[in-house]
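Reviewing the structure listed below.
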Amino acid sequence: MNKSVSPPGTRKLYIETYGCQMNVSDSEVVVSIMQENGIGSTPDIDKADIILVNTCSIRENAEQRIWGRLDVFRQIKKKRPEVLVGIIGCMAERLKEKLLEKEKLIDIVTGPDSYRELPALIVEAEAGRQAINVLLSREETYADISPLRLDRNGVSAFVSIMRGCNNFCSYCVVPLTRGKERSRNPGSILGETDELAEKGYREVTLLGQNVNSYRWKKENGPGTFGFAELLAEIAVKHPEMRLRFATSHPKDLSNELLHTIAGHSNICKHIHLPVQSGSSRILKLMNRKYTREQYLERVSAIREIIPGCSVSTDIIAGFCSETDHDHLQTLSLMKEAEYDFAYMFKYSERPDTPAAKKLNDDVPEEVKSKRLTEIIELQGRLSARSKEADPGKTFEVLVEGTSKKSAGELSGRTSQNKVVVFPGRGYKPGDYLNVKITRFTPATLIGVPVKSTDL
Ligand code: SAH
Ligand code: SF4
Ligand code: F3S
């Protein structure tokens with residue numbers, strides 16, 4: 001018997017998203033697939049007939065957070081037993097049937113390559129059967145699906161250009177949860193960016209686990225179409241739109257790409273280049289495929305080819321067998337690279353990864369914590385230094401919205417990805433303007449708009 005409370009066409013989906021930008025982008029694909037199948041969405045969980053949680057498995061605490069959320073859904077289901085709860089994304093892929101066995105609350109489990117199956121799985125679940133599809137695909141890129149934007153500002157959007165990862169960094173669960181790397185047809189990427197430009201979007205972030213290995217076989221002639229060409233083509237087609245991208249793997253960051261960034265004013269002067277560790281010995285154990293020296297050489301190339309480019313990174317503290325000496329090398333590399341910004345984590349062993357199988361998670365928790373604190377403190381000083389040079393300078397800022405802290409002020413970002421707050425009478429989200437920086441706080445630059453004649 002069909003247990004659906006609302007007649008088809010009036011059912012509503014509530015979706016919650018955890019994890020990386022790729023997951024945000026995937027949720028937009030999911031909402032679009034549901035819409036096509038007559039299921040609308042609601043931001044109000046109490047009005048939802050279907051609750052989906054798009055999950056992340058990158059570290060243990062990411063999963064713990066989601067287990068915690070399930071308690072809230074349990075309360076909702078107590079009051080309204082007809083509500084369906086689905087776990088989708090990386091945790092669904094990692095835990096598969098175990099989720100259904102462990103949690104009677106869960107009706108649907110769907111991995112990142114099976115979102116087209118969601119409407120059918122919902123029908124199954126409505127018939128009272130737990131529904132699961134966690135098949136990974138070598139082809140799926142959701143190229144033909146036009147994502148339904150969940151952002152509120154209408155200025156910045158994500159566009160996935162590839163899925164999966166073939167790098168198998170030894171600590172990382174992503175190759176297991178997202179499968180083999182595959183690039184998306186450039187025609188469909190250009191179609192999506194055209195559509196965004198028409199709707200008035202002013203910034204697009206191209207997404208992939210390693211965008212530098214984007215590759216598409218040319219249809220008319222020999223050879224392949226790479227990331228630098230894709231970026232240049234979009235930049236030329238949409239001069240009014242800013243382009244960003246994430247993430248670049250240091251082993252594949254080519255000079256060709258750096259010259260492309262330098263050559264187009266609308267490609268943002270910011271590169272996120274995760275280093276993970278400053279010790280070549282640890283990098284080898286992590287299977288990162290570069291040494292400390294090779295990494296620093298790439299940072300020098302960025303500084304040389306793109307003057308004024310900001311560089312950010314990801315760092316893991318306390319990886320297997322990391323000594324005080326290895327840790328000091330991370331700190332010294334951070335100083336050499338002079339990062340503008342960093343995401344910093346304690347190593348968290350993930351089941352079934354190469355590191356979990358072959359290496360010992362032997363750095364004691366308190367040592368991991370101490371090293372992470374030192375890394376965070378150092379980055380605090382480096383981030384402050386990166387802003388110290390900005391007062392007196394004028395930057396082009398794209399307005400994104402109103403400032404969270406001070407009413408009446410607007411906030412936006414520079415090409416270098418630094419947040420700027422300024423009094424913004426007469427400007428609205430989506431506008432570009434020049435802002436002269438007057439001072440800064442730990443997180444933001446503060447400035448005043450200047451007319452181009454004042455420059
Ligand atoms: N594909 C991107 C991002 C991967 S996940 C890249 O290669 O850079 C984002 C970050 O999470 C990684 O860069 C890494 O710093 C961190 N991370 C991944 N697995 C982790 C683990 N097991 N423990 C702690 N941090 C981890
Ligand atoms: Fe994980 Fe490495 Fe792939 Fe990034 S490149 S997703 S860290 S395996
Ligand atoms: Fe992203 Fe987390 Fe999956 S970082 S790719 S959602 S494990």
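The values are calculated or read from the model by the stated rules, or taken from the named source; none is laboratory data. From a predicted model like this one, the values you see are computed outputs, not experimental measurements. Please note: Cβ atoms are built from the backbone with ideal geometry, for glycine as well, and neighbour counts cover all protein chains shown. Each accessible area value is taken on the protein alone, full model and side chains, heavy atoms only, with ligands, DNA and RNA left out. Shrake-Rupley method; radii C 1.70, N 1.55, O 1.52, S 1.80 Å.
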Just one of (1) away from ligand 3 (no atom under 14 Å from the Cβ); (2) touching a strand residue (DSSP E or B) at 6+ places or on another chain (Cβ under 6 Å); (3) not assigned by TED's automatic domain parsing to the domain that holds S57 trips up M162, so point out which. (1)
Would it be correct to say that R371 is open to solvent by 50 Å² or more (accessible area, probe 1.4 Å) and assigned to a helix (DSSP H, G or I)? no
Within the range 398-433, which residues are part of a strand (DSSP E or B) and either outside the structural domain of T444 (by TED's automatic domain parsing) or without any contact (Cβ under 8 Å) to a residue 24 or more places away in the chain (or both)? T402, E409, L410, G412, R413
The number of residues in the range 433-454 that are surrounded by fewer than 20 Cβ atoms within 10 Å (Cβ to Cβ) and under 24 Å from the mean Cα position of the chain (by Cα) is 3
Among the helices (runs of 4 or more DSSP H) contained in the range 113-214, which hold 1 or more residues that are away from ligand 1 (no atom under 16 Å from the Cβ) and surrounded by 21 or more Cβ atoms within 10 Å (Cβ to Cβ)? 118-126, 186-198
By residue number, the members of the range 215-238 that are within 16 Å of ligand 2 (Cβ to nearest atom) and surrounded by fewer than 19 Cβ atoms within 10 Å (Cβ to Cβ) are R215
In the range 300-321, anything over 23 Å from the mean Cα position of the chain (by Cα) and farther than 22 Å from L258 by Cβ is listed as G318, C320, S321
